[in-house]
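Okay, so here's the structure we're looking at.
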Amino acid sequence: NETFKACSIPAVMILKLLAYDDRPELRTKDVEDINAICKYYPDLESEFIWGHYVHFYVEDREHKEVALRVLGAEMGKILKENKQLKDRVTSILDAAIQLQNPFLRLMIVDTENETIEEKAQWLTHLKEGLNNDETN
């Protein structure tokens with residue numbers, strides 16, 4: 001009969017991004033976790049994605065792209081009431097995408113099969129969902 005509070009995956013993503021941004025030299029594990037969430041979220045939340053975001057499947061978008069946009073949109077819902085925090089998360093993603101820090105390099109787990117460009121695309125989809133006014 002115990003109750004536990006749990007943090008949603010989108011909330012964990014926000015916390016991981018902020019933790020890395022606060023102390024990047026000490027928080028490289030957070031980037032690894034962000035990478036893992038981006039990698040597995042499409043499979044973990046496939047039913048939710050199809051049930052609530054089927055309208056994101058346009059222009060022949062791949063499931064992974066849609067899933068990352070959904071993850072971003074769900075993050076946007078959490079950040080909706082706090083523009084300053086949403087701007088900060090967007091800025092963290094922008095800095096990573098623009099290679100202003102080692103974030104994308106830290107996302108690479110398999111150097112033979114993963115690229116910086118692929119990881120930049122993941123974060124771009126996440127950011128597009130985050131800033132999607134349609135869901136926020």
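Enter the accessible area per residue of the chain (Å², integer; probe 1.4 Å; all protein chains in place).
Counting only protein heavy atoms, the per-residue value for the chain is 60 Å².
About the Cα centre of the chain, what is the dipole size in debye to 20, counting +1 per Lys and Arg Cβ and -1 per Asp and Glu Cβ, all else neutral?
The calculated dipole for the chain is roughly 540 debye.
Of all GluC sites (Glu not before Pro) in region 21-72, which ones are in loop regions per DSSP and have a Cβ with at most 15 other Cβ atoms within 10 Å?
Working: sites: GLU25, GLU32, GLU45, GLU47, GLU59, GLU62, GLU65; in loops: GLU25, GLU45, GLU59, GLU62.
Passing sites in region 21-72 are GLU25, GLU59, GLU62.
Quick one: Debye curve from the alpha-carbon atoms of region 44-91 only, equal weights, vacuum; give me log10 I(q)/I(0) at q = 0.28 Å⁻¹ to two decimals.
Scattering profile of region 44-91, log10 relative to I(0): -0.96.
Report the chymotrypsin sites (Phe, Trp or Tyr not before Pro) located in region 1-67 that are in a DSSP loop and have at most 11 other Cβ atoms inside 10 Å of their Cβ, or state none.
Within region 1-67, the qualifying chymotrypsin sites (Phe, Trp or Tyr not before Pro) (loop, at most 11 other Cβ atoms within 10 Å) are PHE4.
How large are Rg and Dmax for the chain when calculated on the C-alpha trace, in angstrom?
Reported Rg and Dmax, both Å: 14.7, 48.
Hey, any idea what % of region 32-136's accessible area is carbon plus sulfur with a 1.4 Å probe? Before the final figure, lay out each step's value.
Working: 2760 of 5860 Å².
C and S fraction of accessible area: 47 percent.
What range in the chain is the longest one free of trypsin sites (Lys or Arg not before Pro) that are in a loop by DSSP and have at most 12 other Cβ atoms within 10 angstrom?
That gives 6-79 as the longest site-free run.
For the chain, what's the relative contact order in percent, using C-alpha pairs closer than 8 Å and at least 6 residues apart?
Working: 130 pairs, mean separation 40.5, N = 136.
Computed value for the chain: 30 percent relative contact order.
Per the helix-only calculation at 222 nm, which mean residue ellipticity applies to the chain, given -39500 (n - 2.57) for every DSSP H run of n ≥ 4 and division by its residues, nearest 500 deg cm²/dmol? Let's see the in-between values first.
Numbers: 7 runs with 90 residues, N = 136.
Theoretical 222 nm ellipticity from helices: -21000 deg cm²/dmol.
For region 1-41 and region 89-136, what is the separation of their C-alpha centers, rounded to whole Å?
Region 1-41 and region 89-136 have Cα centres spaced 14 Å from each other.
The values are calculated or read from the model by the stated rules, or taken from the named source; none is laboratory data. Bear in mind the structure is a predicted one, so any value in this text is a computation, not a measurement. Neighbour counts run over all protein chains shown; Cβ positions are idealised from the backbone, glycine included. Ligands, DNA and RNA are stripped out before the accessible areas are found, and what is left, the full protein with its side chains, is counted by its heavy atoms. Shrake-Rupley method; radii C 1.70, N 1.55, O 1.52, S 1.80 Å.
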